[in-house]
Amino acid sequence: MQTTLKQRMALMARRIALLDAMVIAVLLLGMATTSAIAAKKQAPTPAAAPADSAQLFEPIRSVIQSPRCVNCHVADGVPRQFDDSRPHAQNVHGGADGKGVTGLACSTCHYTQNPAAASGPHAPPGAPNWHLAPIEMVWYDVGARDICLRLRDPRHNGGRDPAALVHHFADDPLVGWGWQPGGARSLPPLTRPQTVAAVQAWIAADMPCPLQ
Ligand code: HEC
Ligand code: HEC
């Protein structure tokens with residue numbers, strides 16, 4: 001009999017302890033919520049913080065400096081190949097207009113679309129008007145700030161205002177090749193729609209550039 005009573009009392013004590021714990025938990029939760037609301041009211045709008053807006057260019061940079069894009073955006077007239085951006089085989093050079101030299105134009109090998117898969121993974125890929133980007137649009141081996149400043153400047157981006165820039169990312173067939181490169185070629189880190197969204201977000205914030 002006595003043991004049972006002791007057991008019951010112990011059980012009750014435990015229940016009371018549990019109840020106490022629950023009350024404390026509910027109180028703590030209430031306090032946390034209240035302070036969270038207070039913090040929310042005081043927090044500055046993220047868009048206003050310069051550190052954050054400088055980050056807006058990074059997703060764009062990660063795409064345009066990926067091999068599928070950077071291999072045509074070079075300074076020395078030598079197209080690059082593969083993921084390690086090694087100089088193009090056969091001593092290919094862009095020449096004065098980026099379209100190749102006499103006797104060895106890009107269009108000798110690169111057609112307006114990718115070859116059929118049956119041609120193998122190393123057949124020359126293709127897209128309309130295949131040629132090197134002009135020198136003012138060099139992205140290979142260039143810092144993010146430099147790329148950003150030129151990309152937003154119509155004197156260096158082919159005379160494009162922000163709307164034309166978005167259009168180029170979204171609709172240009174040569175740019176589009178980067179996301180349909182054929183063979184076993186790797187893709188840029190973001191999809192085309194994700195890249196366009198990143199460009200739009202950057203433009204909406206007034207095209208901020210990173211500090212270096
Ligand atoms: C003699 C033929 C030939 C000529 C001329 C030529 N290419 Fe190529 N190019 C190729 C072949 C073949 C490949 C595919 C290499 C592979 O993937 O194995 C290629 C691949 C490329 C790539 C893809 C690189 C990558 O991996 O993302 C670029 C960019 C490129 N060429 C640019 C040019 C440009 C610009 C010109 C003209 C200035 C040009 N090529 C002229 C044969 C040629
Ligand atoms: C086969 C070569 C080639 C490849 C690959 C290529 N580009 Fe270009 N890019 C060009 C040429 C040529 C121009 C100049 C065209 C013009 O101004 O009308 C250019 C211009 C641009 C411009 C214009 C603005 C500026 O200041 O540079 C953008 C944006 C661009 N490319 C984005 C890309 C992206 C993104 C990729 C990869 C997904 C890419 N390109 C891959 C050849 C290439």
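The values are calculated or read from the model by the stated rules, or taken from the named source; none is laboratory data. Note that this is a predicted model, so its numbers are computed, not measured. As a convention, Cβ positions derive from the backbone with ideal geometry for all residues, glycine included, and neighbour counts pool all protein chains shown.
Under 7 Å by Cβ, and 6 or more places apart or on different chains, what pairs join a residue from region 149-167 that is touching a residue at least 12 places away in the same chain (Cβ under 8 Å) with one that is among the polar types (S, T, N, Q)?
Close Cβ pairs (under 7 Å, with a partner that is among the polar types (S, T, N, Q)) amount to Arg150/Asn157; Leu151/Asn157; Leu165/Asn157; Val166/Gln200.
Determine which single condition Pro125 fails, assuming it passes every other condition in (1) buried (at least 16 other Cβ atoms within 10 Å of the Cβ); (2) farther than 18 Å from Gln65 by Cα; (3) within 9 Å of ligand 2 (Cβ to nearest atom); (4) without any contact (Cβ under 8 Å) to a residue 60 or more places away in the chain.
Tallying (1) buried (at least 16 other Cβ atoms within 10 Å of the Cβ); (2) farther than 18 Å from Gln65 by Cα; (3) within 9 Å of ligand 2 (Cβ to nearest atom); (4) without any contact (Cβ under 8 Å) to a residue 60 or more places away in the chain, Pro125 fails exactly one: (4).
Is there a residue being surrounded by fewer than 16 Cβ atoms within 10 Å (Cβ to Cβ), more than 18 Å from the chain's Cα centre (by Cα), within 14 Å of ligand 1 (Cβ to nearest atom) and not in a helix (DSSP H, G or I) anywhere in region 151-173?
no
Would you pick out the residues in region 92-112 that are in contact with a strand residue (DSSP E or B) (Cβ under 7 Å, 6 or more places away or on another chain) and either outside the structural domain of Trp179 (by TED's automatic domain parsing) or part of a loop (DSSP other than H, G, I, E, B) (or both)?
Residues satisfying the conditions are Val92, His93, Gly94, Gly95, Lys99.
Give Ala51, Ala43 a once-over and let me know the one that is modelled with pLDDT under 95 and within 19 Å of the chain's Cα centre (by Cα).
Ala51
Looking at Arg185, Arg192, Arg152, which is the one that is closer than 21 Å to Ala54 by Cα and not acidic (Asp, Glu)?
The match here is Arg152.
When residues of region 197-209 are filtered for being buried (at least 18 other Cβ atoms within 10 Å of the Cβ) and at negative phi, how many remain?
4
Return yes when Cys69 is modelled with pLDDT of 55 or more, within 16 Å of ligand 2 (Cβ to nearest atom) and within 28 Å of the chain's Cα centre (by Cα) and no when it is not.
Answer is yes for this residue.
Among what's in region 68-102 and is within 9 Å of ligand 1 (Cβ to nearest atom) and small (Gly, Ala, Ser), pick the residue that is farthest from Ser186 (Cα to Cα).
Among residues in region 68-102 that are within 9 Å of ligand 1 (Cβ to nearest atom) and small (Gly, Ala, Ser), the one farthest from Ser186 (Cα to Cα) is Gly95.
Please go through region 72-111 and give me each residue that is surrounded by 13 or more Cβ atoms within 10 Å (Cβ to Cβ), among the β-branched types (Val, Ile, Thr) and more than 10 Å from ligand 2 (Cβ to nearest atom), ordered by number.
Val78, Val92, Val101
Have a look at Pro189, Pro210 and point out the one that is more than 10 Å from ligand 2 (Cβ to nearest atom), not assigned by TED's automatic domain parsing to the domain that holds Gln65 and not in a helix (DSSP H, G or I).
Every option except Pro210 fails the conditions.
Restricting attention to region 174-196, which residues are hydroxyl-bearing (Ser, Thr, Tyr) and surrounded by 18 or more Cβ atoms within 10 Å (Cβ to Cβ)?
Thr195, the sole residue that qualifies.
Restricting to region 54-91, what's the tally of residues that are on the phi > 0 side of the Ramachandran plot and part of a loop (DSSP other than H, G, I, E, B)?
Result for region 54-91: 3.
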